[in-house]
1. Of Phe246, Phe313, Phe330, Phe285, which residue is open to solvent by 30 Å² or more (accessible area, probe 1.4 Å), at pLDDT 95 or above and not small (Gly, Ala, Ser)?
2. Could you please find all residues in the stretch 249-280 being of a type in the set (A, V, I, L, M, F, W, C), over 22 Å from His200 (Cβ atoms) and open to solvent by 40 Å² or more (accessible area, probe 1.4 Å)?
3. Are any residues in the stretch 244-256 within 16 Å of the ligand (Cβ to nearest atom) and in contact (Cβ under 8 Å) with a residue 40 or more places away in the chain, and if so, which ones?
4. Of all the strands (runs of 3 or more DSSP E) wholly in the stretch 114-220, which have at least 3 residues that are within 13 Å of the ligand (Cβ to nearest atom) and open to solvent by less than 50 Å² (accessible area, probe 1.4 Å)?
5. Name the residue, out of Ser327, Ser309, that is of a type outside the set (Phe, Trp, Tyr), touching a residue at least 24 places away in the same chain (Cβ under 8 Å) and closer than 28 Å to Ala43 by Cα.
6. Do you know which residues across the stretch 221-243 are closer than 16 Å to Val168 by Cα and within 12 Å of the ligand (Cβ to nearest atom)?
7. Of all residues being of a type outside the set (Asp, Glu) and over 15 Å from the mean Cα position of the chain (by Cα) in the stretch 288-304, which is most open to solvent (accessible area, probe 1.4 Å)? Just the residue, please.
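The values are calculated or read from the model by the stated rules, or taken from the named source; none is laboratory data. All of these numbers come straight from a predicted model, not from anything done at the bench. No Cβ is skipped: glycine too gets one built from the backbone with ideal geometry, and neighbour counts run over all protein chains shown. All accessible areas refer to the heavy atoms of the entire protein, side chains included, with ligands and DNA or RNA removed. Shrake-Rupley method; radii C 1.70, N 1.55, O 1.52, S 1.80 Å.
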Amino acid sequence: MNIKVIGQSIPNLPWQDRKPGSNEIIWRYTENPIISWNPFKAAARVYNSAVVSVDGKFKGVFRCDYKNGRPHLHVGFSDDGIHWKFNEDPIVWKDKLGNSWQPSYAYDPRVVKIEDTYYVTWCTDDHGATLGVGMTKDFENFTRLENATVPFNRNGVLFPRKINGQFVMLNRPSDSGHTPFGDIFLSHSNDMEYWGKHRHVMGKGGSGWWQGTKIGAGPAPIETSEGWLMFYHGVSGTCNGFVYSFGAALLDLDEPWKVLLRTRDYLLTPEEDYETRGFVPNVCFPCAALADADTNRICIYYGASDTYSALAFTTVENVMDELKKNSEVF
Ligand code: BMA
């Protein structure tokens, strides 16, 4: 297979080989979780967070649930992508004129670098859950842009470059509660302010049940020579509540609303104690994936049971092999 990741070289990508004899498509880091309960003074739980590789080190925007239960975004720093230090204070957002514009809550951030700017998207409040957008060049000064949507919408995820000259954002229209439905759409923008040309990308369902209730985009899609590799979460509704697993799809490079391949079975589902026991049991929720263009290795950051941050590893070849063998596009 000659598929190639198109993007950054990350020689110090967090990595662990698959256990000998294992045939897992995605395998967990043996030292998981990498962030546990109460990691710093303000935060009870840090999970569902976004990480990027910057100048040989790692920076991230982290979902930090406070001891009053509300989530806020904090910046984190790491030399190796595994051990993290966090700013004690949340991100201070200013609008373009320099006025303070703090969200009353903020969760499930994603970060991409487009040209020389890091863009942050997250779930924010505007009379209901909607998509917050902001940018930074240095992880110190953050400018908040207009919300991308009216409520209700969650899982806003930008592609890491313009496509045919436009910014493109995956998103998942929803409701005001623990949404019992949901498909992935995408929207285009010339200026990161006005969004339109909306397209349905893919729906919940399929022959299996793991993604039968709702789906949502996970990390920013990874560009490969064969298409955009998008990890996404799929939710099953059980008599004991939702179960969040994740799978992957390959989207067309130029028309990314076209799904070329899609996993029929999940790639990772809650099995380990840190995934099945916590604030919200049975949740594996990926929000970032670093891919190394030299080796095709991928390191996925996912939230576990709305409590922990965890890592999983794979390669583009492993995921593509499964996608080619067991795809179901519907
Ligand atoms: C979703 C989001 C995620 C969370 C998940 C499971 O609706 O709120 O942040 O991980 O539910 O609780």
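1. None of the other options fit; the residue is Phe330.
2. Phe279, Val280
3. Result: Tyr244, Phe246.
4. Details: elements: 117-125, 129-136, 142-145, 153-158, 167-173, 184-189, 195-202, 214-217.
Passing ranges, in order: 117-125, 153-158, 214-217.
5. Values: Ser327 fails: closer than 28 Å to Ala43 by Cα.
Matching residue, one of Ser327, Ser309: Ser309.
6. none
7. Arg297
Conditions tested, residue by residue: (1) at pLDDT 95 or above; (2) hydroxyl-bearing (Ser, Thr, Tyr); (3) within 12 Å of the ligand (Cβ to nearest atom); (4) farther than 16 Å from Val329 by Cα.
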site	(1), (2), (3), (4)
Lys258	yes, no, no, no
Arg264	yes, no, no, no
Arg277	yes, no, no, yes
Asp292	yes, no, no, yes
Tyr308	yes, yes, yes, yes
